[in-house]
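Q: Quick one: the structure is below, and I'll ask about it shortly.
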Amino acid sequence: MHGPATLAEPAPRAQGITPAITFACAVACGVMVANLYYAQPLIALIAPALRIGPGIAGSIVTLTMLGYAAGLLIVVPLADRIENRRLILATIAGTALALAILAAAPSAGAFLAASVLTGFASAGVQVVVPFAASLAPHETRGATIGNVMSGLLAGIMLARPVASLIAEVAGWRAVFGTSAVLMALLGIWLARALPERRPTSGHRYGEILRSMAHILVTERRLQRRGLYQGLVFAIFNIFWTAAPLLLADRFGFSQTGIALFALAGAAGALTAPIAGRLGDKGHIRLGTGIALTTITASCLLAGLSGAIHSLALLVVFALTLDGATQLNQVLGQRVVFSLPGEDRGRVNAVYMTILFVLGASGSAIATLAYHMAGWWGAMGAGAALGTVVMLLFATEFLGAARMRA
């Protein structure tokens, strides 16, 4: 697949994937990825309970994300060496243990350490996605990825409102305790529902890690799709970091109201199956252009909606932003999972690391822009990034024109 540094051997034909396996993978992605976001709306409750100072409280989410980044680089490449179902179940068990520690944490140190472990083990979600893609035949791979990714986006969008609602009724510890139970039940279900998938590479783990650098340097399509979606994810984070600030400052929303707004935004996950089918029909560039244009326009129109105090329009443009983000993500993964060869664990690890590193900047940009220039400042920053990624996308056509000349 990737020239002389390729480690994958020719693989047997795809085993096939049933609707039941696809559904199990989608649910697994949603339940697992949600663990990265539960703590975000709960910091104001967790910090005083564990005597965590204001300067350290913000590190709760950061440590979880750093653990996730480490998991992307360390755990996900193992999908090209270890039987995939066993690896997925191991990460689920690790996540359940970490969540149980979070729920019972007696001190700040124990909680912060468990936060890192939660993020690290939750990286197993990025084993599930290439697992499903590998089982699907090429002609329906986009549809499969879209269906699985709809579960992942739903998990991201539902995590914060669900955490807020549970904490309001039963306290913040109940959020992590409930998730630990869910992870245990998920593991029991997946042990029965998922087939085995044994990777064909027999190479050492160190060789697999070294090959990731070669993949990053040589695969231009992977570089492009990672860059596109990384900037799009940054825009997504800008919106969803600034939106709660706007809703509290300008609309007077309580924590529950903000949770319900985020719940409405989860409907954007419904675009994922459509995106997958669009990719299967060969409309990658068309779909990408639509997605990037919609994202940029949504930022500008969401800025206007906040300025005129229209909550209805704000919900509409939250939906279009989320839907377009999901469209671009599914099309991107359709491209990278269709690269020649079977080393999809490493490809996904490289792709998601690019996405994560770029996307993580969104929250910091949003906080800075909102405090400096309000809601318009945050949405202006999102629109500016949208313009940058559209210009980068336009260079694909310039390159194609040169090749024809």
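Q: Between L391, S361, S134, whose Cα lies farthest towards the positive end of the dipole of the chain when Lys and Arg beta carbons carry +1 and Asp and Glu beta carbons carry -1, centred on the Cα centre?
A: The Cα lying farthest towards the positive end belongs to S134.
Q: Here is a follow-up. Among G257, C299, G226, whose Cα projects farthest towards the positive end of the dipole of the chain, with charges put on the beta-carbon of Lys, Arg (+1) and Asp, Glu (-1)?
A: Result: G226, furthest along the dipole toward the positive end.
Q: Which net charge results when you count Lys and Arg as +1 and Asp and Glu as -1 among the other residues whose beta-carbon is under 15 Å from that of Q223?
A: +3
Q: With θ taken as phi - 60° and the coefficients 6.51, -1.76 and 1.60, list the Karplus ³J(HN,Hα) couplings across the range 111-123 in order, rounded to whole Hz; mark glycine and proline as x.
A: 5, 5, 5, 5, 5, 4, 5, 4, x, 4, 6, 5, 4
Q: Can I ask one more? Just how large is the dipole of the chain about the Cα centre, in debye to the nearest 20, putting +1 at every Lys and Arg Cβ and -1 at every Asp and Glu Cβ?
A: 580
Q: Next up: Give me T91, T395, T293 sorted ascending by neighbouring Cβ count inside 10 Å, so fewest comes first.
A: T395, T293, T91
Q: Beyond 19 Å, what share of the Cα-Cα pairs of the range 13-202 remains, rounded to the nearest whole percent?
A: Counting every Cα pair in the range 13-202, those more than 19 Å apart make up 57 percent.
Q: Picking from A170, I215, A28, whose Cα lies most toward the positive end of the charge dipole for the chain (charges on Cβ: Lys, Arg +1; Asp, Glu -1)?
A: It is I215, whose Cα lies furthest towards the positive end.
Q: Can you list the residues of the range 378-397 with backbone N under 19 Å from a point 7 Å past the Cα of L304, pointing along Cα to Cβ?
A: 378-387
Q: Within the range 117-201, which GluC sites (Glu not before Pro) sit in a loop by DSSP and count at most 12 neighbouring Cβ atoms inside 10 Å?
A: Counting only loop positions with at most 12 other Cβ atoms within 10 Å, the GluC sites (Glu not before Pro) in the range 117-201 are E196.
Q: Next question, about the same structure. Using helices alone, I'd like the mean residue ellipticity at 222 nm for the chain: each DSSP H run of four-plus residues gives -39500 (n - 2.57), total over residue count, nearest 500.
A: Calculated at 222 nm, the ellipticity per residue is -26500 deg cm²/dmol.
Q: What is the local net charge at A24, summed over the other residues whose Cβ is closer than 12 Å to its Cβ (Lys, Arg +1; Asp, Glu -1)?
A: +2
Q: Using the Cβ atoms and a cut-off under 15 Å, what net charge is assigned to the surroundings of F393, where Lys and Arg are +1 and Asp and Glu are -1?
A: Local charge sum for F393: +4.
Q: Show me the chymotrypsin sites (Phe, Trp or Tyr not before Pro) within the range 160-268 that DSSP assigns to loop and that have at most 14 other Cβ atoms within 10 Å of their Cβ.
A: When the chymotrypsin sites (Phe, Trp or Tyr not before Pro) of the range 160-268 are filtered for loop state and at most 14 Cβ neighbours within 10 Å, F251 remain.
Q: Counting other beta carbons within 10 Å of each residue's own, what order do S107, S363 fall into, fewest first?
A: By the 10 Å Cβ count, ascending, the order reads S107, S363.
Q: If you don't mind, there's one more thing I want to ask. Just to verify a number: FRET efficiency for L368 and A49, C-beta to C-beta distance, R0 = 30 Å, to 0.05?
A: Once the sixth-power term is evaluated, E becomes 0.55.
Q: Can you sort S310, S338, S122 by how many other beta carbons sit within 10 Å, fewest first?
A: Least to most surrounded, the residues fall as S310, S338, S122.
Readers should treat all values here as calculations from the given coordinates under stated rules, not as data from a laboratory. Keep in mind the model is a prediction, meaning the values are calculated, not measured. Cβ: placed from backbone, ideal geometry, glycine included. Neighbour counts: every protein chain shown.
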